Amino acid sequence: MTTDCIFCQIVAGQAPARVVHQDDLVTAFWDIRPVAPVHILVVPNRHYESLREMGEGDGAVLGRIVQVANQVARQEGIDRSGYRFIVNVGPDAGQIVYHVHFHLIGGRPLGPMVLRR
Ligand code: AMP
Ligand code: ZN
């Protein structure tokens, strides 16, 4: 655990969060500033600064993240209506929290994923 990392604190139960799932590898909790009716973050319990740090040895945790995302989508009733599952990596992507997290977003039509030129 990295003590000054807010997501490590949430994983450890030392900071408040609306946790919807936790197991030995992964925690999922509501984003504090949701952009859609469902906006949940799925994070590895272990601290990785970003997706850039993850690779060949991390197959188990990456597989679990996908499994948990799909399970939480079902729990929240958006598995049929659809959702986005996205990761911001580094400054150009707008990553703010440097503990890798996957955004599970849905519950309304999200429109095209528009990028400004
Ligand atoms: P990103 O730009 O991908 O780094 O997104 C960081 C996300 O974390 C944003 O959507 C924030 O609203 C969210 N966030 C920041 N602090 C917390 C927190 N304490 N609990 C839940 N979500 C948080
Ligand atoms: Zn962390």
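The values are calculated or read from the model by the stated rules, or taken from the named source; none is laboratory data. Every value quoted in this text rests on a predicted model; they were computed, and no experiment measured them. Note that we place each Cβ from the backbone using ideal geometry, even for glycine, and neighbour counts take in every protein chain shown. Side chains included, ligands, DNA and RNA excluded: accessible areas come from the protein's heavy atoms. Shrake-Rupley method; radii C 1.70, N 1.55, O 1.52, S 1.80 Å.
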Top-ranked residue in the stretch 1-35 [being touching a residue at least 60 places away in the same chain (Cβ under 8 Å) and near ligand 2 (Cβ under 9 Å from one of its atoms); ranked as surrounded by the most Cβ atoms within 10 Å (Cβ to Cβ)]: PHE7
Give me the pairs, please: first residue somewhere in the stretch 36-50 and among the β-branched types (Val, Ile, Thr), second residue anywhere and within 16 Å of ligand 2 (Cβ to nearest atom), beta-carbon distance under 6 Å, and either six or more positions apart or on two chains. ILE40/ALA28; VAL42/ALA28; VAL42/ILE65; VAL42/PHE102; VAL43/PHE7; VAL43/THR27; VAL43/HIS101
For a quick check of your reading of the model, give me the residue pairs whose first member lies in the stretch 65-83 and is farther than 22 Å from MET54 by Cα and aliphatic (A, V, I, L, M), whose second is in a loop (DSSP other than H, G, I, E, B) and open to solvent by 60 Å² or more (accessible area, probe 1.4 Å), with beta-carbon atoms closer than 9 Å and at least 6 apart or on different chains. ALA73/ASP79; ILE78/PRO37
If we scan the stretch 46-63, do we find a residue that is open to solvent by less than 60 Å² (accessible area, probe 1.4 Å), over 18 Å from GLN95 (Cα atoms) and within 15 Å of ligand 1 (Cβ to nearest atom)? no
Which of the residues belonging to the stretch 66-108 are open to solvent by 40 Å² or more (accessible area, probe 1.4 Å), part of a helix (DSSP H, G or I) and away from ligand 1 (no atom under 16 Å from the Cβ)? VAL66, GLN67, ASN70, GLN71, ARG74, GLN75
